[in-house]
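Trainee: Once you've had a glance at the structure underneath, I'll fire off some questions.
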Amino acid sequence: MSLKITGAGKGIPAKRVFNDELAGFLDTDDAWISSRTGIKSRYLCVDETLTDLSAAAASQALQNAGLSPGDIDLILCSTVGGDYRTPSLACCVAERVGARCPCFDVNAACTGFVYALEIASLFLRGGRAGNILIIAAEMMSALTDWTDRNTCVLFGDGAAACVVTAGNALRYLHLSSDAGADAAVLNIPGGGGNSPFAAGKRDSAFLRMQGQEVFKFAVGIVETEMLRMLDALKLSPEQIDWLLLHQANKRIIDCAVAKLKQPKEKFPCNIDRYGNLSSVSIPLLLFEMLEDGRLKPGDTVFMSAFGAGLTAGSCLMVWE
């Protein structure tokens, strides 16, 4: 394709909330949550805004890439919702870090980071940008119903960023969406109009999810995307060093390990510490693997995500 990642960063809230702390207002405990999801804790915003987290991730990614804000030609933010309906989160980050370039948000739910990589590759291939800052940022705590133990225990807040430029690391990328999917499977209502002429009432904008339907879609799409990539590149599963999956539920990852018949060590996880961070999951995993030295030049990295829409996306990089 046409890009490589040259720097990464993260922005995580200060407050870490463990499962047993949720028992103060929910009929739940650590055993119930961890056995069903693999989640032990999550980080939640108290005083931070999503712009705060995003700017922290962006600044660290720029520093690690050896660039200044003035070197960036485009900022893409993957998010289901920033601090404002408008301006975009990307514009808020640009103002905060001092960048002067085109900026816009991408909403493909949990698949947003992979969608942003595709957009970045097109800008780079067309010569419209040289350095692109991609930020995935989600404040899921503001979008979940904290009286519903089936959903609120799953999610956390955070941001992760990376700088991409021209290179040969990206060897494959595929995006899809199930146009026939029922929006009721996974959605966050926008609400009805509030003009005196609107027919409907404004609904509460809390996430709604049919867990079993999402689980079935996720398990199937990961295997489908992996087999599609292997066939397109004429590779065997053994030639893939790392499989970075969206951290939605540990049981989904365990099913993928079983279906793909690969060692579980190839599937890095951080859902136990962060919960489901939507589109932040994969770039945060990338940052942590770079930080601790697991990810090395020449490693083949498969990334696969799935989310509301129902969207899906996967890519393969040979790390440079």
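Trainee: Identify all residues within the stretch 289-320 that are under 14 Å from the mean Cα position of the chain (by Cα) and over 24 Å from M209 (Cα atoms); write none if there are none.
Mentor: Of the stretch 289-320, the ones under 14 Å from the mean Cα position of the chain (by Cα) are 303-308, 311-315.
If the condition is that a residue be under 14 Å from the mean Cα position of the chain (by Cα) and over 24 Å from M209 (Cα atoms), then C315 is the only one that fits.
Conditions (1) buried (at least 16 other Cβ atoms within 10 Å of the Cβ); (2) part of a helix (DSSP H, G or I); (3) within 12 Å of the chain's Cα centre (by Cα); (4) of a type in the set (F, W, Y), marked per residue:
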| site | (1), (2), (3), (4) |
| --- | --- |
| R100 | no, no, no, no |
| D105 | yes, no, no, no |
| F113 | yes, yes, yes, yes |
| E118 | yes, yes, no, no |
| I132 | yes, no, no, no |
| T144 | yes, no, no, no |
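Trainee: Next question. What number of residues in the stretch 220-243 are in a helix (DSSP H, G or I), within 15 Å of D299 (Cβ to Cβ) and acidic (D, E)?
Mentor: Matching residues across the stretch 220-243 total 1.
Trainee: Could you please tell me which pairs satisfy a Cβ distance under 6 Å, a separation of 6+ or placement on different chains, a first residue in the stretch 15-32 that is over 16 Å from S141 (Cβ atoms), and a second residue that is surrounded by 13 or more Cβ atoms within 10 Å (Cβ to Cβ) and among the polar types (S, T, N, Q)?
Mentor: Going by the 6 Å Cβ cut-off, the qualifying pairs are D30/N19.
Trainee: Something else now. Q63 passes all but one of (1) more than 30 Å from Y172 (Cβ to Cβ); (2) surrounded by fewer than 16 Cβ atoms within 10 Å (Cβ to Cβ); which number fails?
Mentor: Exception for Q63: condition (1).
Trainee: Another question, then. Pick from Q247, Q262: which is modelled with pLDDT of 95 or more, touching a helix residue (DSSP H, G or I) at 6+ places or on another chain (Cβ under 8 Å) and either surrounded by 13 or more Cβ atoms within 10 Å (Cβ to Cβ) or among the basic types (K, R) (or both)? Steps first, answer last, please.
Mentor: Working: Q262 fails: modelled with pLDDT of 95 or more.
One residue alone meets the criteria, Q247.
The values are calculated or read from the model by the stated rules, or taken from the named source; none is laboratory data. The structure displayed is predicted, hence computed values, not measured ones. Because the Cβ atoms are built from the backbone with ideal geometry, glycine has one as well, and the counts that use them run over all protein chains shown.
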